[in-house]
Structures are given as structure tokens and as C-alpha cells.
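Step one of this worksheet: look at the structure below.
The values are calculated or read from the model by the stated rules, or taken from the named source; none is laboratory data. None of the values given here were measured: they were computed from a predicted structure. Here the Cβ positions follow ideal geometry from the backbone for every residue, glycine too, while neighbour counts run over all protein chains shown. Only protein heavy atoms, including side chains, enter the accessible area calculation; ligands, DNA and RNA are left aside. Shrake-Rupley method; radii C 1.70, N 1.55, O 1.52, S 1.80 Å.
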Amino acid sequence: MTTIKVDDITNVAGSGAPNFSDGLKYNGTALSSINKYQYTSSATEPSNPNNGALWWDSANSLPKIYINNAWKTVALSSVDLSTIILHGGDRGLFAGAYPGQTNAIDYVSIPTTGNAADFGDLLRSSGYMTTASNRTIGMFAGGRTGIQNSTGFDDIDYITFATLGNAANAGSFSVTRRANGQGLYSNGYAYVVGGQITYGSGMTGATEIEYFTLSTNITSIGDFGDLTIGASNKLIGGVAQDTSRGVLFNTNSYTSSGSINYLSIGGTSGNSASFGDLTVARVQGLGLSSRTRGVYVGGNDGTSIGGADTANMKTMDYVTIQTTGNATDFGDLDQFRDGPSGSSNASRGVISGHGGSGSSTNSIEYITIDTTGNGVDFGDLVIARNVGAKGMSGAA
């Protein structure tokens, strides 16, 4: 027979004696020291609190806890932003090329220099794709293959950053975006901005900003708002972002523009607005971002699109994302890059692709986004590329 030895059996619920299944009752008293969970939000001090009770003092916007017969104010310290990655991650991807000679995806570890390695393949060979990502999954969408008035795509591929392998299909755009559309991400949503719909003298572009859920899957929601910029073809050279604002570089036409616009992100509706101007107007650059700064990298100044090298293909400008105004010179790329691809984590951007004069290159360089300066050699891609997907980053 089992024997249980205790000093006292006390009714924890309050006054009276505890009940037992055999119907016997034993005398007992309530345990007055037990803590019952209490939480109060009020402008006045709660009455009769237990130890450990919580009170939000709404009159003074202070959190307090009851300890040994007194209310103690809880000090809330600031969070060290250097410990938080607001978007993106340390695995950077490079994918596709124009005019569509590869569907291969390469990846690099952004914090450490070195050569890229094979990640897997897209479902199609394409260049000029629109990309957006959180730290878990990334989407490659739209784009085109061939040259000039070649067919564009409206389908969307996606990958999971932590798992090497081929892309899978995730649906399609509401319209075909052949080139120079850009993607942003915030608060579970991917936003697809601008992009060329038709080619030629009467080319048209996407005014509608389309948005998607981007958490563990990709689902089109529909119309977010409109680009309010003037040119009809709505080509975006590159983007940078923090968690509440996307900066849209070169928002005008294929003949290049210095205009910068911005878009409030994280919500479910909004239109673009004017931000400022680049130091040099140029098309087909690349946008990179840290927590506070956006950098517009490379691009063609419009004097020789797809033609001879120009000095402005090395130009880099930067802006402070939350402060509207004109861009400032950042430094120079190590190589000419007209239509580069790349990605960034919270502090470093990696850049590759398109060496100018329509050529491809496998060289990668990097910059420290919050410190102005020139590009530095990083390593090499698995294969040489020209205008591929703009690039994205996530957690390995």
C-alpha cells in the first residue's frame, strides 16, 4: 500500500475544507499567500492586488508590477537594432539572364567573400525578372526572353532560401510585366511595382501596383494602388526599402530619368509620390538597402543603351530612405555595370552582371551600404550573366 505523508492539506480555492472522493471532509483553511493572476489597465491604482499583479498605468503610460506591498515601475529599455534583420538575410541569389540563355540560380553568403555555388534552376530561362522576398521564400516573376519585341511572361516562380533546389510555380501576375518591374516586401506582403507590358514606339507600362501575401506561400490579392509618375511605360530602375517605405529609382522611361519616387508599404493600399532626383539620370541600375539607407548602383545614362561603356555605368548614389530629397554620390563600382543584379542583407550589398557593351560577366563586388566608398572584389558567379533577376536575399 502507498503512503503519502504531508504536514497539511489546505483548500486552495478559498474558505472551507477540501473535498475528497470518499466523501470525508477534513478541516482546513485557505492559503492566503497564493498568487492569483491579475492584470489591470486603468488611470488609478488597483485595489487589493496580489504579489506579481500587473498594472498598465494609463494616466502615465507606464507598466507596473506589485511586489511586497508596493507598485514598482518596470523600465523598458530600447532595442539594439543591430541585433535585428528587418528584411532579407545572409543568403543572396542571382538568377536568369537576358536574352534568356540560362535558367540557373547561383547563391552566395553575403557576409563572407568567395565564389558563388549552384542553388538550382528556374522553371524557364528568362531575364529582367521582378523579385521580392522575405527571409524564408522568394519570388521570381515576369521577365522576358529573346530580344527586342520578344514575348514576356506573367508567371511566378518561387524558392525556399534554406533548401537548395529548383523553383516551383506560384501562379501568375494579373498582367504580363516584361521588364523593369520591381518588388518590395513588408509585413507579410510582396508589392510589384511598374514594369514594361508592350515593346516598341508605343510601349506601355503597368500603372497598377499589385500585391501578394508572402509568408509561407504566395497568393495574389489584387490592386494596391497606382504609380503616379508621368511616363506611360512606368519602368523602375531599382528599389530600396525599409519596413515602411519603398524608394523607386529612375521612375520614368527607357531613355533614363533622374527621378526618384517612394511608396508607403506594409499596408493594403497606397500610391507613389515624389522623393527627389539622382545625381546622374540612368536606367537599368540596381537598388540595395540597409535599415536606413538606399543605394542605386550602376545603370546606363541613356547615351548608349546596350552600347559602348560610359563612365556613368560605375556611378552609385545613396538616399536616406525616410528622408525625401535628392541623392548623394556614394562612390564608384569596380566595373561598368549596365543592368546589374544583386542583393543585400542589413549592412552589405553584393553586385554582379552585365559588364557594359552588351557583355556578360561572372565577377561579383560588394559595398558596405552605410559607409560610402567604392566597390570591392567579392568573388565570381558560377556562370557569366548579363541582365537577370535583380536579386534577393533570405536566411540560409
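Within segment 350-392, the residues that satisfy the criterion of being open to solvent by 10 Å² or more (accessible area, probe 1.4 Å), part of a strand (DSSP E or B) and among the hydroxyl-bearing types (Ser, Thr, Tyr) are 359, 361, 363, 366, 368. Looking for something within 17 Å of residue 386 (Cα to Cα) and modelled with pLDDT of 85 or more - is there at least one such residue anywhere in segment 80-91? Checked against the condition, which is being within 17 Å of residue 386 (Cα to Cα) and modelled with pLDDT of 85 or more, segment 80-91 yields no hits at all. Screening residue 102 with (1) assigned to a strand (DSSP E or B); (2) on the phi < 0 side of the Ramachandran plot; (3) open to solvent by less than 40 Å² (accessible area, probe 1.4 Å) gives one miss only, at (1).
Residues of segment 42-63 that are open to solvent by 40 Å² or more (accessible area, probe 1.4 Å) and of a type in the set (D, E, K, R): 45 alone. Every condition in (1) open to solvent by 20 Å² or more (accessible area, probe 1.4 Å); (2) more than 18 Å from residue 184 (Cα to Cα) is met by residue 347 except one, and the failing one is (2).
Residues of segment 150-172 that are part of a loop (DSSP other than H, G, I, E, B) and at negative phi: 150, 151, 153, 154, 161, 162, 163, 164, 166, 167. Across segment 118-159, the number of residues qualifying as over 15 Å from the mean Cα position of the chain (by Cα), of a type in the set (D, E, K, R) and modelled with pLDDT of 80 or more comes to 5.
On the basis of being open to solvent by 10 Å² or more (accessible area, probe 1.4 Å), in a loop (DSSP other than H, G, I, E, B) and modelled with pLDDT of 85 or more, does residue 269 make the cut? Taking the combined requirement at face value, the residue satisfies it. Can you find, within segment 317-335, the residue that is farthest from the chain's Cα centre (by Cα) among those that are part of a loop (DSSP other than H, G, I, E, B) and closer than 18 Å to residue 390 by Cβ? Only one residue tops the list, namely 335. Does at least one position in segment 376-388 carry a residue that is in contact (Cβ under 8 Å) with a residue 12 or more places away in the chain and under 19 Å from residue 294 (Cβ atoms)? So far as segment 376-388 goes, no, none of its residues is in contact (Cβ under 8 Å) with a residue 12 or more places away in the chain and under 19 Å from residue 294 (Cβ atoms). Candidates are the residues of segment 105-114 that are touching a Lys or Arg at 6+ places or on another chain (Cβ under 9 Å) and part of a loop (DSSP other than H, G, I, E, B); the one that is farthest from residue 128 (Cα to Cα) is 111.
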